[in-house]
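First the structure, in the form of structure tokens, and then the observations on it.
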Amino acid sequence: MSTKLDSKNIYNFANFLIGLFIVLSLVQIIVEALAGYRFYLFSPYYEPWIILLTMVTIAVMLVLLWYFWIKNYRIAFIAFLISSVTSLAFTLFAYLALSDRDLQKLVPWAFVILLCSGIIYSVSLFTSKTRHKRWLFWVGAIGFSLEVILLVLQLWALNTDDEAVSIIVGKVLLWILALINFNMIFYILNFKEELDLLKNKAKAKPSYLLTGIRVALGIVSLFAVLIVLNVATSEYAWEKGKVARSKLMVGDFEAKIYVNAQNDTLLYRLQLPKDYDSHKEYPLVVNLHNGGGVGTDNLIQLDATTTAQLLSTAENREKYPAFIFLPQSPTNNGFGGISDDPGVSDLVFEAMNQLEKVYNIDDKRRYVVGMSTGGYGAWYFIGVKPEKFAAAIPICGGGDPKMASKMTHVPIWAFHGKTDKSVPVHLTQNMIKAIRKADGSPKYTEFSAGHLIWDKVQSTPGYLDWLFAQKRTD
């Protein structure tokens, strides 16, 4: 076999690459539909998968740039070069945004820029010299139509406050992206046509180099597809199982509703101490759920509030008798601390005050525990209402160091994973440093793990003993 690269070898290799790109891109869309953000944030296979997809994407880009150049399609070459650079920049930006909430707000606008560059490239295909290549003409014409639709939908979602619209648009976008990927088939037909034009020339020897690359990429891609689809289906099953798991956890958690004078509503679950005695005082543990508990069903926060699950076991209800309070946030803004939005924090404080009028709660032993979104909330609660809490356990959350001086008299035990991609570890580290600088003495435990650290937290010796030993003295 030969290592010589002639047009026939490159055209055949281009068709392999484009076919592989179509398959991998469709798998990416399926993963997005099944697992969403959980695959990106929690799966150890995310980085290798993105590296593979990016490598194949770059290879396809290089082949198409080579083709436009040797065919003297200068306008298409320049437009595609701009589109390619924009696409790679968007991929890098989206990756960095996974661990930066401020950047996440800009991703939809970066997508708008990506679509605009794609539209310019599509126009070049059916208006410049490439229009005489029928398959390239259709790549441009169909791509232009689909990208314009995508752009309109994206701008609509960005300019509406209706969350339902954003959800619907998000689902439609996936279908249109799938159609855009299928549009790549026209490139294959174009290169097949180029091969037919070369049929009268001497038969080219197969390239050993390109054959080896094809085999290696094919094997690696096959294993990668099987792995990420397995992860995605597992995450999908987990998501769909939230309601069933929560129903199994209901037990003595009563569904309650708090409505204030402005008719604002907070849904929450409450578990009373076992054998509650109205003549005795009991601590109140405020459990703030993670992002998986967002909703309006007053149920799935049970599955997303891990400390409450631990405290509701028969053994711990005997050992740590307490009121277990589980408010539910209807939006991803949660309980405050995220994007300067207080979320439902004020309603939680109001509901706590109402509970203390009904039950005999020890106002010197109010505790707040939260993980992820709830971790942000835990930091926020002791920042805006430090006098209200005897202790706080923020788990893989983030706070505002400017509030640190207000937290110095609140006992804190924070937990975080060193390799957390969802909530970067420096957010907790910065809070600990700021509080210590303000003469506070918070406890901090950092694990060699990612975002999902609950198993490590609950197995930490003295975790619950420390919490229930705290009592305000003022």
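Just to check your reading of the model, which residue among Ala414, Ala434 is in contact with a Lys or Arg (Cβ under 9 Å, 6 or more places away or on another chain), part of a helix (DSSP H, G or I) and among the hydrophobic types (A, V, I, L, M, F, W, C)? Just a single option satisfies the conditions, and that option is Ala434. Taking the numbered list (1) in contact with a helix residue (DSSP H, G or I) (Cβ under 6 Å, 6 or more places away or on another chain); (2) open to solvent by 70 Å² or more (accessible area, probe 1.4 Å) in turn, Tyr95 passes all entries but (1). When Arg269 is tested against the conditions (1) within 15 Å of Gln354 (Cα to Cα); (2) without any contact (Cβ under 8 Å) to a residue 40 or more places away in the chain, the lone failure is (2). The sole residue among Ser405, Ser441 that is part of a helix (DSSP H, G or I), open to solvent by 40 Å² or more (accessible area, probe 1.4 Å), free of Cβ contacts under 8 Å to residues at least 60 places away in the same chain and not basic (Lys, Arg) is Ser405. Quick check, is Gly374 farther than 20 Å from Ser441 by Cα, crowded, with 23+ Cβ neighbours inside 10 Å and in contact with a strand residue (DSSP E or B) (Cβ under 6 Å, 6 or more places away or on another chain)? Here the answer is yes, as Gly374 does meet what is asked.
Take the residues of the stretch 187-219 that are modelled with pLDDT under 95 and β-branched (Val, Ile, Thr): which is least open to solvent (accessible area, probe 1.4 Å)? Among those that are modelled with pLDDT under 95 and β-branched (Val, Ile, Thr), it is Thr211.
Looking at Leu179, Leu114, Leu153, Leu146, just one residue is in a helix (DSSP H, G or I), within 25 Å of Ile82 (Cβ to Cβ), touching a residue at least 12 places away in the same chain (Cβ under 8 Å) and open to solvent by 50 Å² or more (accessible area, probe 1.4 Å), and that residue is Leu179. I'd like to check something: does the stretch 252-261 contain any residue that is open to solvent by 70 Å² or more (accessible area, probe 1.4 Å) and touching a residue at least 60 places away in the same chain (Cβ under 8 Å)? Looking for residues that are open to solvent by 70 Å² or more (accessible area, probe 1.4 Å) and touching a residue at least 60 places away in the same chain (Cβ under 8 Å), one finds at least one in the stretch 252-261, hence yes. Any residue at all in the stretch 379-392 that's of a type outside the set (Val, Ile, Thr), crowded, with 24+ Cβ neighbours inside 10 Å and out of contact with any strand residue (DSSP E or B) (no Cβ under 8 Å at 6 or more places or on another chain)? Checked against the condition, which is being of a type outside the set (Val, Ile, Thr), crowded, with 24+ Cβ neighbours inside 10 Å and out of contact with any strand residue (DSSP E or B) (no Cβ under 8 Å at 6 or more places or on another chain), the stretch 379-392 yields at least one hit. In summary, no helices (runs of 4 or more DSSP H) completely within the stretch 239-333 bear 1 or more residues that are in contact with a His (Cβ under 7 Å, 6 or more places away or on another chain) and among the basic types (Lys, Arg).
The values are calculated or read from the model by the stated rules, or taken from the named source; none is laboratory data. A quick note: this is a predicted structure, and the numbers were derived from the prediction, not measured. Methodologically, a virtual Cβ is constructed for each residue, glycine included, from the backbone with ideal geometry; neighbour enumeration extends over all protein chains shown. Just the protein is used for accessible areas: all its heavy atoms, side chains included, with ligands, DNA and RNA removed. Shrake-Rupley method; radii C 1.70, N 1.55, O 1.52, S 1.80 Å.
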